[in-house]
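Trainee: Let me give you the structure first, and then I'll get to my questions.
The values are calculated or read from the model by the stated rules, or taken from the named source; none is laboratory data. Keep in mind it's a predicted model, so treat the numbers as computed, not measured. When we count neighbours, we look across all protein chains shown, and the Cβ atoms used for this are built from the backbone with ideal geometry, even at glycine. Just so you know, the surface numbers come from the protein's heavy atoms only, side chains and all, with ligands and any DNA or RNA stripped out. Shrake-Rupley method; radii C 1.70, N 1.55, O 1.52, S 1.80 Å.
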Amino acid sequence: MPRRRRRSRVSALEGGRGEEAPPEAAAVPSAPLTSPQQTEAAAAERILLRGIFKIGRGSCDVVLSERALRWRPILPERPAGDSKYDWLCKEEFIELKDIFSVKLKRRCSVKQQRSGTLLGITLFICLKKEQNKLKKSTLDLINLSEDHCDIWFRQFKKILAVLEYEGHALSLLKECELQGFDGVVCVGGDGSASEVAHALLLRAQKNAGMETDRILTPVRAQLPLGLIPAGSTNVLAHSLHGVPHVVTATLHIIMGQVQLVDVCTFSTTGKLLRFGFSAMFGFGGRTLALAEKYRWMSPNQRRDFAVVKALAKLKPEDCEISFLPFNSSDDVQERREQGSPKSDCNDQWQMIQGQFLNVSIMAIPCLCSVAPRGLAPNTRLNNGSMALIIARNTSRSEFIKHLKRYASVKNQFNFPFVETYTVEEVKIHPRNTSGYNPEEEDETASENGFPWNVDGDLMEVSSEVHIRLHPRLISLYGGSMEEVNDSKVTCNCF
């Protein structure tokens, strides 16, 4: 399933995924090749691509090898023995290990939000300054040919995928020896944090001798997880600490302050899809699916553009929703805290069906900059329940009013088409099992099924999804969160 690429670091585990590209900047040349040993090593490298790009003010002969990108200015022929401009001919290079992201460079107007004029390729580089300080920089490879740039762009993406790829943290934590560690720290956004939490929980099930594809009563993660927010929304870290503040998150980890947090399992046809904290189906899933198609934009631009485009194509989903209401009796609550499966024969499933614009299932408050009170303000981190929030079919203008309420102090649920429930389990069954019609909804069409937004990651499922809450299943570094300030905030999404 496609997912957003991020750059993250896990304690004792270097990896993660490419971070969003920073704003464009002037190209910064690296140190020239000077030693004979480096020259000899360069000659022995296998050349992957060779072409002409404009770098800085002049055209250059550019060579991409297995270890480095090298370029040399292209100068007109001059008489033999004329060494006046020899200094201009020095070859420069950057090692591929110092490149952390790549994108196509385009000049876009307001009316060309998706496919502006191609200018070339931008590489994002990590350079070392004095006293071991690092800085980020960019190198622009200018060429107006779509075919030429596409070949180079795909090759760079292939190279980066070897070191940075989706699921990297998951694969590392599945196999890494964890006995010598006190905890795991993730630096990144919601997707990275959710992936590491998922990996820790899968590892705990494996260590307990349980099947990891069919889990009814999962065991608790063995190590606590620390979240240092470095993404665009940071919903999980914001909900955990009350603010998306790096120093606050770091100090909680240093002080060793830990709290238990509820986690959900997402399954289909009895098979586990993943662990997670929140999910949206309908408008929320479609918005994320659209945003994934505009990754050349900055994070905020991409998010706002996808929201507006999804609103322009707003349509309901024909669904059947079944849910088990939350039972707050003391004996059931005690069983939940112990991780025991429910055995209360009085539990009664309820079912509603119809046309729904959006369905949210959230085990945490989901605080963020555009919803400072939380997408689910009546939910807590470990109260043993989930919030089920349903927006039935209504006019576009009324739905927009509902969305705008999230950024204010007013009740975002005070609309006749919005229903809220406190639940323990939910089943979402799309009655249109064929998925999207590509002729009607080409931007979100997928052969893999309907798009879900799970902790900011895209999950595509074609059949019913079963969400179950598991109380206090993972420990996160963080203290008790104070009540959120109801101060007035504005949102620039609409």
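Trainee: Looking at L75, L49, which one is modelled with pLDDT of 85 or more, of a type in the set (A, V, I, L, M) and either open to solvent by less than 50 Å² (accessible area, probe 1.4 Å) or assigned to a loop (DSSP other than H, G, I, E, B) (or both)?
Mentor: L49
Trainee: Yes or no: region 483-491 includes at least one residue that is surrounded by fewer than 19 Cβ atoms within 10 Å (Cβ to Cβ) and modelled with pLDDT of 80 or more.
Mentor: Taking every residue of region 483-491 in turn, none turns out to be surrounded by fewer than 19 Cβ atoms within 10 Å (Cβ to Cβ) and modelled with pLDDT of 80 or more.
Trainee: Just to check your reading of the model, which residue among L139, L178 is out of contact with any Cys (no Cβ under 6 Å at 6 or more places or on another chain), part of a strand (DSSP E or B) and not hydroxyl-bearing (S, T, Y)?
Mentor: Result: L139 is the single residue among L139, L178 that is out of contact with any Cys (no Cβ under 6 Å at 6 or more places or on another chain), part of a strand (DSSP E or B) and not hydroxyl-bearing (S, T, Y).
Trainee: With L201, L144 as the choices, which residue is open to solvent by 10 Å² or more (accessible area, probe 1.4 Å), hydrophobic (A, V, I, L, M, F, W, C) and modelled with pLDDT of 90 or more?
Mentor: Residue meeting the stated conditions: L144.
Trainee: Something else about it: Among the residues of region 305-340 satisfying the criterion of being open to solvent by 60 Å² or more (accessible area, probe 1.4 Å) and small (G, A, S), which is modelled with the lowest pLDDT?
Mentor: The residue in question is S328.
Trainee: All but one of (1) open to solvent by less than 60 Å² (accessible area, probe 1.4 Å); (2) farther than 22 Å from I361 by Cα; (3) in contact with a strand residue (DSSP E or B) (Cβ under 9 Å, 6 or more places away or on another chain) hold for M297; which doesn't?
Mentor: So the condition that M297 fails would be (3).
Trainee: Follow-up. Please verify whether I428 is in a strand (DSSP E or B), in contact with a Ser or Thr (Cβ under 6 Å, 6 or more places away or on another chain), β-branched (V, I, T) and buried (at least 18 other Cβ atoms within 10 Å of the Cβ), treating the condition exactly as stated.
Mentor: no
Trainee: Okay, moving on. Would region 404-418 turn up any residue that is within 22 Å of the chain's Cα centre (by Cα) and not hydrophobic (A, V, I, L, M, F, W, C)?
Mentor: Yes, region 404-418 contains a residue that is within 22 Å of the chain's Cα centre (by Cα) and not hydrophobic (A, V, I, L, M, F, W, C).
Trainee: Would you mention how many residues in region 234-254 are under 15 Å from C368 (Cα atoms) and open to solvent by 40 Å² or more (accessible area, probe 1.4 Å)?
Mentor: The total comes to 4.
Trainee: Can you name every residue in region 212-233 that is at pLDDT 90 or above and crowded, with 21+ Cβ neighbours inside 10 Å?
Mentor: Within region 212-233, P218, A221, P224, L225, G226, L227, I228, P229 meet the criteria.
Trainee: Okay, next question. Is it true that some residue in region 163-184 is open to solvent by less than 30 Å² (accessible area, probe 1.4 Å) and either modelled with pLDDT of 85 or more or touching a Pro at 6+ places or on another chain (Cβ under 6 Å) (or both)?
Mentor: yes
Trainee: Give the residues of region 204-242 that are farther than 19 Å from N382 by Cβ and more than 15 Å from the chain's Cα centre (by Cα), sorted by residue number.
Mentor: The answer is Q205, K206, N207, A208, G209, M210, E211, T212, D213, R214, I215, L216.
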